[in-house]
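Everything below concerns the one structure shown next.
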Amino acid sequence: MTTPLTALTTLTLSDLQARIQHASAQRTPLCIRGGGSKDWYGQTPQGEVLDVSGYHGVVAYEPTELVITVKAGTRLQEVQTLLAAQGQYLPFEPPQFSAASTIGGVVAAGLAGPRRAQAGGVRDFVLGASLLNGAGEHLHFGGQVMKNVAGYDVSRLLAGSLGVLGVITQVSLKVLPLPAQEQTLRFAMDETTALAALNTWGGQPLPISASAWQQGTLSVRLSGAAPALVAAQAKMGAQFSHELVAEEDATLFWQSLRDQTHAFFTQAGGPTLWRLSVPSTAPALPLGGQLIEWGGAQRWVWSDLPVATLREQVAQVGGHATIYRTQGTQASHNKNDSASPSVFHPVSAPLLAIHQRLKHEFDPAGIFNPGRLYPFTNQD
């Protein structure tokens, strides 16, 4: 028997390697967990818990280089506090679902906040990463390449992989200076008008860093130098009447969207919360009340429509749909139930084959988060 890593407060690489090698030899599935704040995301977690939160600490941070390197168990809050003290931040605005959220979980989940459309996603800021594979080997990718697989940019490939390829041990992230100023404008407009305005503004040199529409109200955040904000407000205000949101209220509003504490997320309006990824130019979708972000590219909806019906409607406009959460619980559909639809939008056979080959290359025994990303994909 191996000592449960959850009983340890500090971990070493050898601790993790020993646990992985034992699990691989026994073909024992492992559920990789940092802070556990995103256990509900994706297919249902399976296997013995491998708690990696004890492998933490800042490895290197040089503010002038705009790069921070940390061990994966380091808490997101700790990193954000350290960066803020130097006037810097993580531009993709990762959600913090609890104080226990870790950097490893941030990268593995690949979720980004309101600034995503303007700044980029998680993978755009991952410069390098280290990973323990199914054999317990410690591999390094990115800035200090020791080994690579089939030419893939593996460090970025890990973003959104939900731990199915291995245990992320360390990441290097690009950071940026905090915006000089920010202000939020609020407009009263219907969904169709809001989408048209967002697409028009998106093609202009305006410092828009976030947008959100719900129930007839469009909120737009501007970030940058004071003159740019003044000019943008004048240009946008000349087209539509608006109000300037108080700074404190605006901060709380965007945080509530980032961390999904906004009433839209907490007051279920149907059995299933869907996350829709569509072209920003997609028209208004007849799916009921929605929360629209990222200039129209990300749309949230609570719905009771059959899975196939909703996904077909979204596919018709060139998008895909994820079963994000179910009413009354944060548990996802049971991945071991072949009759249950995949949480993530089904992928084509060729793309699924690539997933399977990558999984086998990194984790031949299939022990890491089996089925967490796609049903039956991660088991050989």
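The values are calculated or read from the model by the stated rules, or taken from the named source; none is laboratory data. Given the structure is predicted, the values throughout are model-derived calculations rather than measurements. Every residue, glycine as well, gets a Cβ built from its backbone with ideal geometry; the counts of neighbours run over all protein chains shown. SASA here: full protein model, heavy atoms, side chains in, ligands and nucleic acids out. Shrake-Rupley method; radii C 1.70, N 1.55, O 1.52, S 1.80 Å.
Residue by residue, here is whether (1) within 30 Å of residue 322 (Cα to Cα); (2) among the hydroxyl-bearing types (Ser, Thr, Tyr); (3) open to solvent by 50 Å² or more (accessible area, probe 1.4 Å) holds:
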residue: 11; (1), (2), (3): no, no, no
residue: 32; (1), (2), (3): yes, no, no
residue: 36; (1), (2), (3): yes, no, no
residue: 48; (1), (2), (3): yes, no, yes
residue: 55; (1), (2), (3): no, yes, no
residue: 74; (1), (2), (3): yes, yes, no
residue: 85; (1), (2), (3): no, no, yes
residue: 93; (1), (2), (3): yes, no, no
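Can you tell me which residues in segment 95-129 are closer than 17 Å to residue 169 by Cβ, out of contact with any Leu (no Cβ under 8 Å at 6 or more places or on another chain) and surrounded by fewer than 22 Cβ atoms within 10 Å (Cβ to Cβ)?
The answer is 128, and nothing else.
Of all residues in segment 171-213, which are of a type in the set (S, T, N, Q) and either open to solvent by 70 Å² or more (accessible area, probe 1.4 Å) or not in a loop (DSSP other than H, G, I, E, B) (or both)?
Step one: filter segment 171-213 for residues of a type in the set (S, T, N, Q), giving 172, 181, 183-184, 192-193, 199-200, 204, 209, 211.
Listed by number, the residues that qualify are 172, 181, 183, 184, 192, 193, 199, 200, 209, 211.
If you go through segment 15-24 one residue at a time, how many are surrounded by fewer than 21 Cβ atoms within 10 Å (Cβ to Cβ), under 16 Å from residue 364 (Cα atoms) and in contact (Cβ under 8 Å) with a residue 24 or more places away in the chain?
3
Checking residue 295 against (1) in contact with a strand residue (DSSP E or B) (Cβ under 6 Å, 6 or more places away or on another chain); (2) under 17 Å from residue 323 (Cα atoms): exactly one of these is not met. Which one?
Exception for residue 295: condition (2).
Which numbered condition in (1) open to solvent by less than 50 Å² (accessible area, probe 1.4 Å); (2) free of Cβ contacts under 8 Å to residues at least 40 places away in the same chain is the only one that residue 62 fails?
(1)
Tell me which residues, restricted to segment 164-211, are among the hydroxyl-bearing types (Ser, Thr, Tyr) and more than 30 Å from residue 81 (Cα to Cα).
If we filter segment 164-211 for residues that are among the hydroxyl-bearing types (Ser, Thr, Tyr), which is where we start, we get 169, 172, 184, 192-193, 200, 209, 211.
Residues satisfying the conditions are 192, 193, 200.
Which residue pairs have Cβ atoms closer than 7 Å, lie 6 or more positions apart in sequence or on different chains, and pair a first residue in segment 240-261 that is free of Cβ contacts under 8 Å to residues at least 12 places away in the same chain with a second residue that is open to solvent by less than 60 Å² (accessible area, probe 1.4 Å)?
256/262
Select the helices (runs of 4 or more DSSP H) contained entirely in segment 214-309, then report the ones holding at least 2 residues which are buried (at least 21 other Cβ atoms within 10 Å of the Cβ) and modelled with pLDDT of 95 or more. Even if it seems obvious, please write down each step before you answer.
Details: elements: 226-239, 247-258, 263-266.
Qualifying helices (runs of 4 or more DSSP H): 247-258.
Of everything in segment 85-120 that's more than 14 Å from the chain's Cα centre (by Cα) and part of a loop (DSSP other than H, G, I, E, B), which residue is nearest to residue 68 (Cα to Cα)?
Step one: filter segment 85-120 for residues more than 14 Å from the chain's Cα centre (by Cα), giving 85-89, 98-100, 118.
Still in the running and part of a loop (DSSP other than H, G, I, E, B): 85-87, 98-100.
Working: 85: 13, 86: 12, 87: 13, 98: 22, 99: 20, 100: 19 Å.
Checking each candidate, the answer is 86.
Which pairs have Cβ atoms under 9 Å, sit 6 or more apart or on different chains, and link a residue in segment 288-314 that is in the same structural domain as residue 324 (by the TED database) to one that is among the basic types (Lys, Arg) and open to solvent by 60 Å² or more (accessible area, probe 1.4 Å)?
Going by the 9 Å Cβ cut-off, the qualifying pairs are 293/116; 294/116; 297/116; 298/116.
Does segment 137-148 contain at least one residue that is among the hydrophobic types (A, V, I, L, M, F, W, C), under 11 Å from the mean Cα position of the chain (by Cα) and farther than 20 Å from residue 50 by Cβ? Give the derivation first.
Taking segment 137-148 first, the residues among the hydrophobic types (A, V, I, L, M, F, W, C) are 139, 141, 145-146.
Retained after the next criterion (residues that are under 11 Å from the mean Cα position of the chain (by Cα)): none.
Scanning segment 137-148 turns up no residue that is among the hydrophobic types (A, V, I, L, M, F, W, C), under 11 Å from the mean Cα position of the chain (by Cα) and farther than 20 Å from residue 50 by Cβ.
Pull out all pairs, ordered by first then second residue, where Cβ-Cβ is under 7 Å, the residues are six or more apart or on different chains, the first lies in segment 74-90 and is among the small types (Gly, Ala, Ser), and the second is at pLDDT 95 or above and outside any helix (DSSP H, G or I).
Matching pairs, first to second residue: 87/177; 87/178.
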